[in-house]
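Everything below concerns the one structure shown next.
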Amino acid sequence: MKVPMRLSRYTLPTLKENPAEAQIASHRLMLRAGLVRQVAAGIYAWLPTGWRVLRNIAEIVREEQDRVGAQELLLPTLQTAELWKQTGRYEAYGAEMLRLKDRHERELIYSPTNELLIADLLKQSVNSYRDLPQILYHIQWKFRDELRPRFGVMRGREFLMKDGYSFDLDDQSAVTSYRIMMLAYMRTFKRMGIVAVPMKADTGPIGGDLSHEFHILAPTGESQVYYDSAVETAQVGTEEVDHRDPEALERFFTAVTTPYAATDEKHDEANWEQVPSERKREGRGIEVGQIFNFGTLYSELVGLQVAGPDGVAVLPNMGSYGIGVSRLVGAIIEASHDETGIIWPDAVAPFQVALINLKRGDARVDAACDSLYARLQSLGISVLYDDREERPGTKFADMDLIGLPWQIIVGPRGLDKDQVELKRRASGERFELSVEDALNRLSGNRAAG
Ligand code: 5CA
């Protein structure tokens, strides 16, 4: 998203004070930086800057899914209750499912997850073992009527999820799909500039017996997690792994799942004791994704079967794979902020550069800014131009709060020396440079956004 923006004509309602309702840093900062506004409990409007971040995150998820051959589709948010009733899942899912009626008194539900719907749809397109394997996914809003929506988008009622589903002929092939998704997930989180550790997990209401949750370490996480830091180094070589090579895939999977890593539900003191103390990492974790392999559970429920190689009908093995796309916005902020505001990793930042005009109305400063604004655009670097008639202090505070990776500060004193100031938000480093050098520096650092 390279579209530039002039702040004087842009909806960015920043707040100076901490909103009383926000208990954790990411929630406070998302409200203060004008990313979201609450519309109802656990339901948020995404304002332009928040929406840009959400789209950047979704795009990384999409690219990494596509890269391993998963196919994007789009399922609706609403579906009829029928399938859920026929399979006994309507009652089983419980009060978290939002149930509605249309004008004909037909019962609908707002999808909390889509194992049933997609398995039912596949009945119409797969008939033979030759049609498998398949991995399908979408990025779509979900609704879960959480008892206690809290922490902003972290535990919402309406939230954006990437949910993917794999269909395989047998268990061995299903395990391959599971490993491919593990690889895609490690790449996805790494590109976002975060360390998300896969941990053995319970399967909960989705079912099955093989599952991993991906956790980011942050003090405000909802579960207690324990891991061996050796797993962090396993993230390193993911680029080179060829997902079509079963041996490479197995080596990768063994490397990421062998070091100790568990949430409190699966924590085992005896095994934990074996981890050298300097490699022990313990704390709170935010769950940003979960993957499941549940065999033929849902194929059986909906009656999905294919003709096997010997003509005998086979129930495909299924897995499902979720990423909390909107939760990630909060989780990344939890992992990356300071006392003055958000520090966006380059890959998800709403804009790469804040261009700060220190003296609106000064012809020389305005001209220098206009020229920089145009040149950044032509270099494909997304820029938010603070062209407001505000005091420099206000602009600095707002731009630190919004947390774009770079700031270019243009004022009369610098221009006297033919210089602008370039500031790296994460480190606070400042460089006095010529316009050319500043632009060179930025084009060398170009990322998404
Ligand atoms: N069908 C499976 C995988 S596709 C599934 O629904 N898995 S899940 O329940 O674990 O959800 C996937 C991810 O969505 C979670 O890891 C979490 O990051 C996110 N998520 C779940 N509930 C919420 C919520 N109430 N608010 C925000 N994100 C949520």
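The values are calculated or read from the model by the stated rules, or taken from the named source; none is laboratory data. Keep in mind it's a predicted model, so treat the numbers as computed, not measured. Positions of Cβ are backbone-derived with ideal geometry, glycine not excepted, and every protein chain shown enters the neighbour counts. Calculation scope for accessible area: heavy atoms of the full protein, side chains included, ligands and nucleic acids excluded. Shrake-Rupley method; radii C 1.70, N 1.55, O 1.52, S 1.80 Å.
Condition check ((1) surrounded by 14 or more Cβ atoms within 10 Å (Cβ to Cβ); (2) under 19 Å from W344 (Cα atoms); (3) within 16 Å of the ligand (Cβ to nearest atom)) across all residues:
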site	(1), (2), (3)
R6	yes, no, no
K16	no, no, no
I24	yes, yes, yes
Q38	yes, no, yes
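Can you name every residue in the range 368-408 that is open to solvent by 60 Å² or more (accessible area, probe 1.4 Å) and in a helix (DSSP H, G or I)?
Listed by number, the residues that qualify are D370, R375, Q377, S378, F396.
Could you say which residue among S336, S443 is within 21 Å of the chain's Cα centre (by Cα) and either open to solvent by 10 Å² or more (accessible area, probe 1.4 Å) or not assigned by TED's automatic domain parsing to the domain that holds A196 (or both)?
None of the other options fit; the residue is S336.
Can you name the number of the only condition in (1) open to solvent by less than 40 Å² (accessible area, probe 1.4 Å); (2) closer than 30 Å to L136 by Cβ; (3) more than 20 Å from the chain's Cα centre (by Cα) that L78 fails?
Failing condition for L78: (1).
Of the residues S223, S277, which single one is at pLDDT 95 or above and either in the same structural domain as R187 (by TED's automatic domain parsing) or closer than 17 Å to F189 by Cα (or both)?
The conditions single out S277.
Report those helices (runs of 4 or more DSSP H) wholly inside the range 50-166 carrying at least 1 residues which are more than 10 Å from the ligand (Cβ to nearest atom) and within 26 Å of G221 (Cβ to Cβ).
89-93
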